[in-house]
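Student: Could you have a look at this structure, given as structure tokens, before my questions?
Just so it is clear, none of the values below were taken in a lab; they were calculated from the coordinates. Please read all numbers here as calculations on a predicted model, not as lab measurements. Quick reminder, even Gly has a Cβ in these numbers, built from the backbone with ideal geometry, and neighbours come from all protein chains shown.
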Amino acid sequence: MIRFERRTHVPFGLRLAAPIAAVLVALAFAGILIAIAGAPVLEAYRRMLIGAFGSRLAITETLTRTAPLILTGLAAAVAFRARLWNIGAEGQFLVGALAAAALGSQHGLHLPPVLLIPALMLAGAVAGALLLLGPLALRLRFGVDEVVTTLLLNFVALLFVSMMIEGALKDPLAFGWPQSVPVVADAMLPKLVARTRLHVGLLVAIGLAVVIALVQARTVFGMESRAAGLNPAAARFAGVSLTGVLVKVACISGGLAGLAGAIEVLGVKAYVTTDLSPGFGYTGIVVAMLAALNPIGVVFAALFVATMFVGADSMSRALGVPSFIADVIVAMSLLAMLVALSLANYRIRR
Amino acid sequence: AEKLKVAGIHASPVENAWNSRLHEALQAAAKDGVIEYTFSEGVSGTDYPRAMREYAEAGNKLIVGESYAVETEARQVAADYPGTAFLMGSSGGPAGDNFGTFGTWNHEAAYLAGMLAAPMSKTGTFGAVGAIPIPEVNILINAFRSGVKEVRPDAKFLVGFIGTFFDPPKARESGLAQIDAGADILFGERIGTADAAKEKGIKSVGSLIDYTPRYPETVFANAMWYFRPILDAAIKDTQAGAKTGKDYSPFSYMKEGGNDIVFTESMVIKDSVPAMEAKRKAIKDGTFTVPVDPAEPT
Amino acid sequence: MMDALDIFASAGLWAAVLRIATPLIFGTLGALISERAGVLNLGIEGIMTFGAMIGWMTVYHGGDLWLGLAVAALSGAVFGLLHAALTVPLGLSQHVTGLGITLFASSLSYFIFRLAIPVSGSPPTIVPFQVIKIPVLSDLPFLGEAVFSQTAPTYLAIALALVIAYALARTPLGLAIRIVGENPHAAEAQGIDPIRVRIGAVVFGSALMAMGGAFLTLAAFNSFFPTMVQGRGWVCIALVVFASWRPERALGGALLFALFDAYQLRLQHVVGKAIPYQLFLMIPYIMSILALLVMARRARVPQALMQPFRRGER
Amino acid sequence: MNVPVVLRLEGITKRFGALTANDDITLELRQGELLALLGENGAGKTTLMNILFGHYTADAGRVIAFSRELPPGKPRAAIEAGIGMVHQHFALAANLTVLENVIAGTRPLGALGLGSAAARTRLAALSAKFGLAVHPDARVGDLSVGERQRVEILKSLYRDAKVLILDEPTAVLTHQEAEQLYRTLRGMAELGLSIIFISHKLHEVLAAADRVTVLRGGKVVAERRASETTKDELAELMVGRRVARPHRESQAPGAIALRASGIDVGTTLKAIDFEVRAGETLGIIGVSGNGQHTLVRLVSGLERPTAGQLELYGAPAPRPSPRGFVAAGIGRIPEDRHADGAVGEMAVWENAVLERVREPRFSAGGLVRRAAGRAFAREIIERFDVRGGSEDSPIRLLSGGNMQKLILGRNLAESPRILIAAQPTRGLDEGAVAAVHGEILAARRAGTAVLLISEDLDEILALADRVQAIVKGRLSPAIPVEQADPRRLGLMMAGSWEDAA
Ligand SMILES: Nc1ncnc2c1ncn2[C@@H]1O[C@H](COP(=O)(O)OP(=O)(O)OP(=O)(O)O)[C@@H](O)[C@H]1O
Ligand SMILES: Nc1ncnc2c1ncn2[C@@H]1O[C@H](COP(=O)(O)OP(=O)(O)OP(=O)(O)O)[C@@H](O)[C@H]1O
Ligand SMILES: [Mg+2]
Ligand SMILES: [Mg+2]
């Protein structure tokens, strides 16, 4: 019989090797599917690489996709570390986007661009944070588990957004299409590279990852939130205000997800539709897990996931492999990663 | 002449009725040796502009698709790639020299289908299942209504919107709900509607594509839409180096061959056909114009 | 024209309720059993999608409808086994694994579907389950049309709900599942192997989920489309909570939810769009959150839900 | 001897990583015998019993029950062979009824019915026969600790256990409950059952057991007949050296440090009055569940009084909060070190500074001063002889006794003016108890006011200057420890302090 025994100490090499092994395993499985689809496997990998990094367009597109994933990945990582199971980043993303679009439209705030853009980002963050504070309040006040409530609120948020863009916030110039009024030109984020979609939101996301890494490793708040996550009763006994920590964590986590939505509107799309997010909130959880909840790791995990999506999407166009392969690879990477991480924590004994 | 490189980008899988019209027209053009056709399907809003850029960079001269979910961004892309023509199903207007648009105008055929449907109902109540109340959908449903009313002024109408473009089981439920409420002819703007009609043994009208082979006992008429005239016009302009930033919708008119009715003789009431055919001729002649009413039907 | 209240008097409404509820009943029962054993399975949305695809595919390639349903159940069981393997012996985080399974199962089903059914103009169809009019009963006024004119899987779903309710409350297996979900250490001390019970519950539950998905392509409709499950899996997760983990209440919850949906579709014809339809669609989610609120005080949640059990470890 | 051997463990070895928890252990149990298993914390007692019952799989060795070898790792096989186990941490499902807990797993999983009626009858008969009264339809979560223990025993009896294993069964019981339990066990032995129990309480062991086996470092180091040994000998065998609990010396108390007057907390505490002076220890005894939990939370700053007043050093206390109380010089040792005292996955140094991390010494501008934190932890490790890990290892790697020393250390290193010690030696072995008692007495000598809340009468008698009893949320008047004897304390804990006087 195989038994697992927890390691008292995980060697650094193993911690590094685990994610790499996981990705390789996922790519190997993907190879099988690609072969079944009748495409040359090695050529497919090469095409993926080209699709993700082979040209100015490819690189900027990959990075454009990375930005929101970093933010939703951080949202999950920050929350999970404090054992706040925020599965609601998708909904927070949407309400953040909606807030930014509403206030950034010509009926919204009238501010000079230097103030307008930060104000809209903040608005998105606040909206996202508020959506997470609800489930948190239920947990703190009534002990209601947040996994289910945050998950359910995703659908409420989506329906709410749908209602708003078919109602109060509907763009009258969109010929009946359910979409929000667009933000004014001044509210759009500056591009990082001209004639591409890449915008400064990417820098904001990376900057926040660094800040969060420092906060977690070095600050009192970081230590207290870790304690609160690992053993709430002991943290409380030591004078950590659980409510305080969780409220802050929820504000940061929901705020990051809301900010991701705002940035997607301000950087890329200019208005909100219900399909604004191809699952950025859920993928953020994948990103966070791939990064083992490490904020700097989130940047790389987000880049990896974006690479897979963009590269596989392009490969599928080139080789006629169904483009759903990208999702398959990302999902398999996640599952392989979960196994790899847990195996790294345990040794197997017979 | 050199074959024109054309790319199609479909937001939905190409099974979706609307996309299948584009796809089939493009495939046919490729088969005729006019163009070289590549495509992607199921492209989400987030990926759509990238696909546009990728195809433009890959040297395609004409890119065909739909910009409904990405109106702002799509025009941005066109501005970034002035050497490529874009032909997009869009609610907005054309932009610049190279961003052309088209609407899905098969309302004329829908009007004629309404004329055939009118006398077939026993209850005098007609149902219509739509996706969401955008003008293109509204115009179509309203035209069907006008067609019915011309023959049967006292007719009653039920309209249901399912809130999404692609949920056939839901369209079916909506159709069943209308049958429960007394409708005995359904106008199926959405796939799934005819399934409800079939299940309850009533008749229905199809739109965009020919549903009769799929529901031979049920669908007696279809308001067909043909993309080929629009495509051909755009190909011609592109090859000629003419401005393509214009509205190609008029090529959807019946007189251009852009839409028409197909129906099964044996299923309709014989007496209603001549009047319909007369109207059809009038539309083609330009002596009759089917009213265009984009208001949301209730 | 019917009035808003008259809608309730139409047998068609109630027939629709049962029909719309069927996939939810399967899915909710599946989620419920696995949660009663302590495992949350957020793979449900993907498992339903895969079941819808593979069940349809089986029939499309000449299989019998029941074979399609069985193959769907089997595929669900396989994904359940994957979820269980990761979360039970390995003790991985259940919700993250579940979301991973959803992503995996749904993208894989689209991938397989696209490979197997090359692009065509209009989606291929099968002949789905037909309505079975139960002799005598279906001749009853109103009830006959409302209840006794359904497809076979609907009758099966309702029967399953009752059987599972009985089994959980009144059989040793049900008690074993419950005690494992409450305290796996207590179960182990009684000679019940919590790992095996959990794996079994997840596998069986996932098979039911996949059958719920298959209902969509084998009875509710006759083709498969990507994204056709449309969040029904998440509704099931909510319904389990709403039902406070009780099968008979899950049945009621699914019917109630279906009633909202069916009513909403019909109300449109009466009052137009005076009330945004989204409000109706929100109701089940909000109801579930409220139910959680009320229940949190009574602590009826399986106590070991989402807690991994590792043998020989403290 | 012609009494048959019912159970034999042969050469059991079990390793966890580098640690050998059981090292070639051989043990026999005879019919009708009460065997006590004794040993330091971490000696391997629980591990051995878990192997015997099939929770763990041994690396080497065999278990032979009634002349048949048990397959390893199968609790079910152990149950079927007639072995029952009452776990150190109860293995009960709180949301299920007593009957459900008892009958789970007793019928084949394929059976169509539970057979509740027959089970109910049988359970009632067993309750009556062994004097273990519980209501079969009560929800286990609603039962008291003593009642739960009865359910645990009934579970085994219901399965026809011939051999019963109890792991620290009295750790959570009151004196009276413990005595009652041993009476029951004795009765069972007379009916032919064979029993192994584990306890750290040497007087219980001597009074109840026939035979005592002592483990140290995973090995059997001695075996004695209970009638032929003494507490001192057993303690020495366990620890490997002589241990003597330190003695309290009398000293004159100083000013009042902590005073409660007329405090209510909700309905759990009513009109609480007490005072503790510098250099004095006030002991609070009581049967668990009478409000001591809330009392500890109150003086730890986790609970606010709903009426009355708490005074610190003669002035009204600040609004209660753990941090405020720590800052005011109150050291706090929580009741449950694993639940409240330590964050297992965090480093020893982080646990050492967590409650003071906001003090300027350990952080500046929101940033943690890690070097200062590590230095503080090293100081505690050295001064309080914490063994088993460095300041950087996760605290979960420390044994219970060492963890307790670290918790004591992080409080005493700061020379608190008041020390709240709640059940400071619960579950600790003799050696660890002596060390903890020594530290508490040293603090008192240095002028700390000590509030000791304990269910252990011996501990109270050894450490306290004055004693009060807590009964149903009320405190008795204080008596000097010189006037306290077990009988009088027993009466006080029963709520009749007037009679006791
Ligand atoms: N699951 C486990 N994983 C790793 N090590 C373990 C495990 N269980 C026990 N140990 C180790 O085995 C040793 C023996 O532990 P055990 O619980 O048997 O001690 P014990 O004698 O019951 O102690 P106590 O008196 O405190 O209950 C411990 O010191 C511990 O290091
Ligand atoms: N899961 C585990 N993995 C590794 N070591 C463990 C595990 N559980 C316990 N231990 C080790 O067992 C030893 C003793 O732990 P244990 O829980 O038995 O404490 P204890 O001495 O019995 O204290 P208490 O009486 O408070 O429970 C410690 O060294 C601890 O590291
Ligand atoms: Mg022990
Ligand atoms: Mg112990």
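Student: Label points 7 Å out from Cα along the Cβ direction at residue D:339 and residue B:199: separation in nm?
Tutor: Label at residue D:339, label at residue B:199, 5.4 nm between them.
Student: Here is a further query. Can you spot the aspartates and glutamates whose alpha carbon is less than 15 Å from residue B:31's alpha carbon? Ignore those fewer than 8 places along the same chain.
Tutor: B:2, B:232
Student: Using Cα-Cα distances under 8 Å and only pairs 6 or more residues apart, what relative contact order does chain B have, in percent? Intermediate values should be presented prior to the final figure.
Tutor: Working: 668 pairs, mean separation 57.8, N = 298.
Once divided by the residue count of chain B, the mean separation gives 19 percent.
Student: Let me ask something else. Can you sort D:8, B:50, D:304, D:426 by how many other beta carbons sit within 10 Å, fewest first?
Tutor: Going from sparsest to densest Cβ surroundings: D:304, D:8, D:426, B:50.
Student: Could you work out, residue by residue across B:7-16, how many beta carbons of other chains sit within 10 Å of that residue's beta carbon, and then give the average as an integer? Walk me through the numbers on the way to the answer.
Tutor: Numbers: counts 1, 0, 1, 1, 1, 3, 9, 5, 11, 4.
Mean partner shielding for this stretch: 4.
Student: Based on the Cβ-Cβ distance of residue D:2 and residue D:117, what FRET efficiency does E = 1/(1 + (r/R0)^6) give at R0 = 35 Å, to the nearest 0.05?
Tutor: Details: r = 42 Å, r/R0 = 1.19.
Efficiency at R0 = 35 Å is approximately 0.25.
Student: Return the ratio Rg/(2.2 N^0.38 Å) for the range C:139-245, where Rg is computed over Cα atoms only.
Tutor: Working: Rg = 17.5 Å, N = 107, 2.2 N^0.38 = 13.0 Å.
Cα Rg divided by the expected 2.2 N^0.38 Å: 1.34.
Student: I've got another one for you. In debye to the nearest 20, how big a dipole does the range A:154-242 give about its Cα centre with +1 on each Lys and Arg Cβ and -1 on each Asp and Glu Cβ?
Tutor: Values: 7 positive and 4 negative charges, 66 e Å.
Value, rounded to 20: 320 debye.
Student: Give the distance, in whole Å, between the Cα centre of the range D:352-390 and the Cα centre of the range C:83-108.
Tutor: 40 Å
Student: Need one number: nm distance between label points at residue A:210 and residue C:66, each 7 Å from Cα along Cα→Cβ, rounded to one decimal.
Tutor: In this crude spin-label approximation the distance works out to 6.7 nm.
Student: Please report the relative contact order for chain A, taking Cα pairs under 8 Å with a sequence separation of at least 6, and give it as a percent rounded to a whole number.
Tutor: 37 percent
Student: With a bin width of 20 angstrom, please list the P(r) values of chain C as percents of all Cα-Cα pairs, from the 0 bin to the one holding the largest distance.
Tutor: 33, 56, 11, 0
Student: Let me check the size of chain B from its C-alpha atoms; what are the radius of gyration and Dmax in Å?
Tutor: My reading of the Cα-based Rg and Dmax gives 19.4, 58 Å.
Student: Could you calculate the FRET efficiency of residue D:483 with residue A:296 from 1/(1 + (r/R0)^6), where r is the beta carbon distance between them and R0 is 51 Å, rounded to 0.05?
Tutor: FRET efficiency, residue D:483 to residue A:296: 0.20.
Student: Taking the highest mean first, how do the peptides D:410-418, A:104-112, D:347-355 order by number of other beta carbon atoms within 10 angstrom per residue? Show your work: numbers first, answer last.
Tutor: On the way: D:410-418: 19.4, A:104-112: 15.6, D:347-355: 25.1.
Sorting D:410-418, A:104-112, D:347-355 by mean packing, highest first, produces D:347-355, D:410-418, A:104-112.
Student: Turning to a different aspect of this structure: In what order do D:430, D:179 fall by count of nearby beta-carbon atoms within 10 Å, going from fewest to most?
Tutor: Numbers: D:430 25, D:179 15.
Ordered from fewest to most neighbouring Cβ atoms within 10 Å, D:430, D:179 come out as D:179, D:430.
Student: Let me ask something additional. Okay, which of the range D:157-187 sit inside 20 Å, backbone N to the point 7 Å along the Cα-Cβ direction of residue D:76?
Tutor: Flagged as within label range: D:157-162.
Student: What is the average number of partner chain Cβ atoms found within 10 Å of a Cβ in A:223-235?
Tutor: 6
Student: Residue by residue, what Karplus-based ³J(HN,Hα) values in Hz, rounded to whole numbers, does the range B:149-159 have, using 6.51, -1.76 and 1.60 with θ = phi - 60° and x for Gly and Pro?
Tutor: Once θ is set to phi - 60°, the couplings for the range B:149-159 become 5, 4, 8, 9, x, 8, 4, 10, 10, 10, 10 Hz.
Student: Please name whichever of D:4, D:395, D:154 sits farthest to the positive end of the charge dipole of chain D, dipole taken about the Cα centre and charges placed at Cβ: Lys and Arg +1, Asp and Glu -1.
Tutor: D:395
Student: Further, regarding this structure: Using the Kirkwood radius built from alpha carbon pairs, what does the Stokes-Einstein equation give as D for the range A:67-291 at 37 °C and 0.692 mPa s, in µm² per second?
Tutor: 187 µm²/s
Student: Take the alpha-carbon positions of the range D:323-462, form their convex hull, and give its projected area averaged over all directions (one quarter of the hull surface) in nm².
Tutor: Hull-based average projected area comes out at 8.0 nm².
Student: Let me ask something else. Compare the peptides A:197-208, C:92-103 by average per-residue count of other Cβ atoms within 10 angstrom and give them in order, highest first.
Tutor: Final packing ranking: C:92-103, A:197-208.
Student: At 20 °C and 1.002 mPa s, grab the translational diffusion coefficient of the range A:90-142 from Stokes-Einstein with a Kirkwood Rh over Cα pairs, rounded to a whole number in µm² per second. Can you show the working numbers first?
Tutor: Numbers: Rh = 11.7 Å.
For the chosen part, D equals 183 µm²/s.
Student: DSSP H helices in chain A with Cα extent of 27 Å or more along the helix axis and mean Kyte-Doolittle hydropathy at least 0.5?
Tutor: A:12-36, A:56-81, A:113-142, A:146-166, A:242-264, A:295-319, A:325-345
Student: 7 Å from Cα along Cα→Cβ at both residue B:156 and residue D:379: what's the point-to-point distance in nm?
Tutor: 8.9 nm
Student: Based only on the alpha carbon positions, what is the Kirkwood hydrodynamic radius of the range D:257-500, in angstrom?
Tutor: On the way: mean 1/r = 0.0547 Å⁻¹.
Computed over the range D:257-500, the radius equals 18.3 Å.
Student: Count of lysine pairs in chain D with Cα atoms under 27 Å apart, counting only pairs 8 or more residues apart in sequence or on different chains?
Tutor: 28
Student: Once each part is reduced to its C-alpha centroid, what is the distance from the range D:214-275 to the range B:2-78 in angstrom?
Tutor: 82 Å
Student: Shifting gears a bit: Which whole-number value in Å³ per residue fits the convex hull of the alpha carbons of the range D:5-239?
Tutor: 124 Å³
Student: Another question, then. Rg/Rh for the range C:156-314: what does it come to with C-alpha atoms and Rh from Kirkwood?
Tutor: Answer for the range C:156-314: 1.04.
Student: Within a 10 angstrom radius of each residue's Cβ in A:319-331, how many Cβ atoms of other chains show up on average? Whole number is fine.
Tutor: For this peptide, the per-residue mean of nearby foreign Cβ atoms is 6.
Student: Oh, and also: Cα atoms only: what Rg and Dmax, in Å, come out for the range D:16-78?
Tutor: Rg then Dmax for the range D:16-78, in Å: 12.1, 38.
Student: Measure out, as a whole number of angstrom, how far apart the alpha-carbon centroids of the range C:149-167 and the range B:226-279 sit.
Tutor: 51 Å
Student: Given R₀ = 51 Å, what would the calculated FRET efficiency be for residue A:195 paired with residue D:244, taking r from the Cβ atoms and rounding to 0.05?
Tutor: On the way: r = 85 Å, r/R0 = 1.67.
The computed FRET efficiency comes out at 0.05.
Student: Taking other Cβ within 10 Å of each residue's Cβ, how do D:405, B:149 sort, fewest first? Present the calculation step by step, with values, prior to reporting the outcome.
Tutor: Working: D:405 26, B:149 16.
With the fewest neighbours first, D:405, B:149 line up as B:149, D:405.
Student: Taking each pair of different alpha-carbon atoms in chain D once, compute 1/r for the pair, average those values, and report the inverse of that mean as the Kirkwood hydrodynamic radius in Å to one decimal.
Tutor: 24.5 Å
Student: Could you tell me the ratio Rg/Rh of the protein assembly as shown? Both radii from Cα atoms, Rh via Kirkwood.
Tutor: Radius of gyration relative to Kirkwood radius: 1.04.
Student: Determine the dipole magnitude for chain C: charges of +1 sit on the beta-carbon of Lys and Arg, -1 on that of Asp and Glu, nothing else is charged, the reference point is the Cα centre, and the result goes in debye to the nearest 20. Show your work: numbers first, answer last.
Tutor: Details: 19 positive and 13 negative charges, 140 e Å.
Using only the charged Cβ atoms, the result is roughly 680 debye.
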